[in-house]
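Below is one structure; the comments refer to it alone.
The values are calculated or read from the model by the stated rules, or taken from the named source; none is laboratory data. Computed from a predicted structure; not experimentally measured. Here the Cβ is made from the backbone with ideal geometry for all residues, glycine too, and neighbour counts use every protein chain on show. When the accessible area is computed, the model is the full protein with side chains, heavy atoms only, and any ligands, DNA or RNA have been set aside. Shrake-Rupley method; radii C 1.70, N 1.55, O 1.52, S 1.80 Å.
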Amino acid sequence: MSAYPLDRRGPEPDRLNRHLRELGIDPAAEDSIDNPNTMALALASRVTGVLITPDDLRRPVLGAAIPAGREAATAGRG
(Lines give C-alpha, C1' and ligand atoms only; values in the text may rest on other atoms or scores of the structure.)
Protein backbone atom coordinates (compact mmCIF):
# COMPACT_ATOMS: atom_id res chain seq x y z
CA MET A 1 0.00 0.00 0.00
CA SER A 2 1.33 3.39 -0.92
CA ALA A 3 1.55 6.16 1.67
CA TYR A 4 1.49 8.75 -1.09
CA PRO A 5 -1.96 10.06 -2.10
CA LEU A 6 -0.66 10.97 -5.54
CA ASP A 7 0.18 7.29 -6.20
CA ARG A 8 -3.26 6.02 -7.26
CA ARG A 9 -3.89 3.37 -9.89
CA GLY A 10 -6.71 1.59 -11.66
CA PRO A 11 -9.32 2.50 -14.24
CA GLU A 12 -10.80 5.25 -11.99
CA PRO A 13 -7.89 6.58 -9.90
CA ASP A 14 -9.79 9.73 -8.87
CA ARG A 15 -12.97 7.99 -7.74
CA LEU A 16 -12.17 8.30 -4.02
CA ASN A 17 -10.88 11.89 -4.15
CA ARG A 18 -13.97 13.29 -2.39
CA HIS A 19 -13.51 10.84 0.48
CA LEU A 20 -9.79 11.60 0.69
CA ARG A 21 -10.50 15.33 0.93
CA GLU A 22 -13.15 14.76 3.62
CA LEU A 23 -10.50 12.86 5.61
CA GLY A 24 -8.13 15.81 5.27
CA ILE A 25 -5.94 14.27 2.58
CA ASP A 26 -5.05 16.25 -0.52
CA PRO A 27 -5.22 13.74 -3.42
CA ALA A 28 -2.70 15.83 -5.38
CA ALA A 29 -0.17 16.00 -2.53
CA GLU A 30 3.30 14.73 -3.20
CA ASP A 31 4.06 14.25 0.49
CA SER A 32 3.37 11.02 2.35
CA ILE A 33 0.66 10.22 4.90
CA ASP A 34 2.04 9.79 8.43
CA ASN A 35 -0.17 6.82 9.30
CA PRO A 36 -1.37 5.23 6.06
CA ASN A 37 -2.91 2.15 7.72
CA THR A 38 -5.21 4.24 9.92
CA MET A 39 -6.18 6.41 6.97
CA ALA A 40 -6.81 3.34 4.80
CA LEU A 41 -9.17 1.95 7.45
CA ALA A 42 -10.95 5.31 7.73
CA LEU A 43 -11.32 5.38 3.95
CA ALA A 44 -12.63 1.79 3.91
CA SER A 45 -15.16 2.69 6.63
CA ARG A 46 -16.35 5.67 4.61
CA VAL A 47 -16.71 3.72 1.38
CA THR A 48 -18.39 0.65 2.89
CA GLY A 49 -20.42 2.34 5.60
CA VAL A 50 -19.02 -0.14 8.13
CA LEU A 51 -17.19 1.44 11.06
CA ILE A 52 -13.90 -0.34 11.71
CA THR A 53 -12.74 0.21 15.30
CA PRO A 54 -9.40 -0.57 16.94
CA ASP A 55 -11.15 -3.46 18.74
CA ASP A 56 -12.00 -4.97 15.35
CA LEU A 57 -8.30 -5.09 14.55
CA ARG A 58 -7.51 -6.96 17.76
CA ARG A 59 -9.97 -9.80 17.17
CA PRO A 60 -8.92 -13.06 15.55
CA VAL A 61 -9.33 -13.10 11.80
CA LEU A 62 -11.20 -16.04 10.36
CA GLY A 63 -9.76 -17.51 7.21
CA ALA A 64 -8.73 -20.65 5.45
CA ALA A 65 -5.99 -21.79 3.16
CA ILE A 66 -6.88 -23.37 -0.16
CA PRO A 67 -4.31 -25.96 -1.19
CA ALA A 68 -2.74 -25.33 -4.58
CA GLY A 69 -4.67 -27.05 -7.33
CA ARG A 70 -7.79 -27.53 -5.20
CA GLU A 71 -9.85 -24.96 -7.08
CA ALA A 72 -9.04 -26.64 -10.38
CA ALA A 73 -9.92 -30.08 -8.98
CA THR A 74 -13.37 -28.91 -7.80
CA ALA A 75 -14.22 -26.72 -10.80
CA GLY A 76 -17.48 -27.72 -12.44
CA ARG A 77 -18.86 -29.48 -9.36
CA GLY A 78 -22.11 -28.44 -7.80
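I'd like to know if region 42-49 contains one or more residues that are modelled with pLDDT of 90 or more and not in a helix (DSSP H, G or I). Yes, region 42-49 has at least one match. Residue count for region 22-53, restricted to those that are hydroxyl-bearing (Ser, Thr, Tyr), over 16 Å from Asp7 (Cβ atoms) and either open to solvent by 50 Å² or more (accessible area, probe 1.4 Å) or under 13 Å from the mean Cα position of the chain (by Cα) (or both): 3. Anything in region 56-73 that is open to solvent by 100 Å² or more (accessible area, probe 1.4 Å) and in a helix (DSSP H, G or I)? List them, or say none. Answer for region 56-73, where residues must be open to solvent by 100 Å² or more (accessible area, probe 1.4 Å) and in a helix (DSSP H, G or I): Leu57, Arg58, Arg70, Glu71. Please verify whether Ala65 is modelled with pLDDT under 80 and of a type in the set (Gly, Ala, Ser), treating the condition exactly as stated. When the stated conditions are applied, Ala65 does not pass them. Here Arg18 passes the criteria (1) in contact with a helix residue (DSSP H, G or I) (Cβ under 9 Å, 6 or more places away or on another chain); (2) open to solvent by 100 Å² or more (accessible area, probe 1.4 Å) except the one numbered (1).
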